[in-house]
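See structure below.
Every read-out reported here was derived from the displayed coordinates using simple, explicitly stated rules and does not represent laboratory data. None of these values were measured; they are calculated from a predicted model. Counting neighbours? That spans all protein chains shown, and the Cβs are built from the backbone with ideal geometry, glycine included.
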Amino acid sequence: MASPPSTKLLLLRRLLRVLKPPSSSSSSSSYSIRRSCLYSSMNLPEASNSADRPPISTSSRSFCSRPSNLNGESEGPAPIDYRFVLQEDEFHRLADSTIQDLLEKLEEYGDYIEIDGFDIDYGNQVLTLKLGSLGTYVLNKQTPNRQIWLSSPVSGPARFDWDGDAQAWVYRRKHANLSELLEIELEQLCGEPISLS
């Protein structure tokens, strides 16, 4: 059952409040077209003059699509090439091998550095590295996304995808290699170099 015209008009007025008013003659025609389309889609006669128009808030947010101004240095995620998404069994093999290798090397690292509160734990597919007052790293598998997620006290959260060409886990947004990122940050925090590659 169709809504009565008064309800449609009320909904239309609410919708028009979010549209930005035209700021120039070039955008005026675009605004008029959008306005006409809105009125016709609701089967209502369009208001004939500005006095009949519903009020439009100039501070309202515009919901119109606009082309993005992204440049080559954007930190937005790179598009996913689904031809190279790992099969689940391959993902588990690679992720488990990486996490196990990191666990062993981090345990060795903990044996020769002197950090109060240093502790490493692996359980329920989550690797946790505690560095006392320096912070905590958490590394875990995200099977649905075929990613390894890292929470770092230095660089924050990151999601690493397997890069077959580099044979490494890479954070696509910043083109950072998981092992190299950890090497840099751990040396910065602990004052001793570590090799995880």
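The table below gives the values:
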| item | result |
| --- | --- |
| Rg(Cα) / (2.2 N^0.38 Å) computed for the stretch 82-190, rounded to two decimals | 1.06 |
| Added length on full extension, which subtracts the Cα-Cα distance from 0.36 nm per residue, residue 111 to residue 96 | 3.1 nm |
| Ranked list, fewest to most other Cβ atoms within 10 Å of each Cβ, for 179, 133 | 133, 179 |
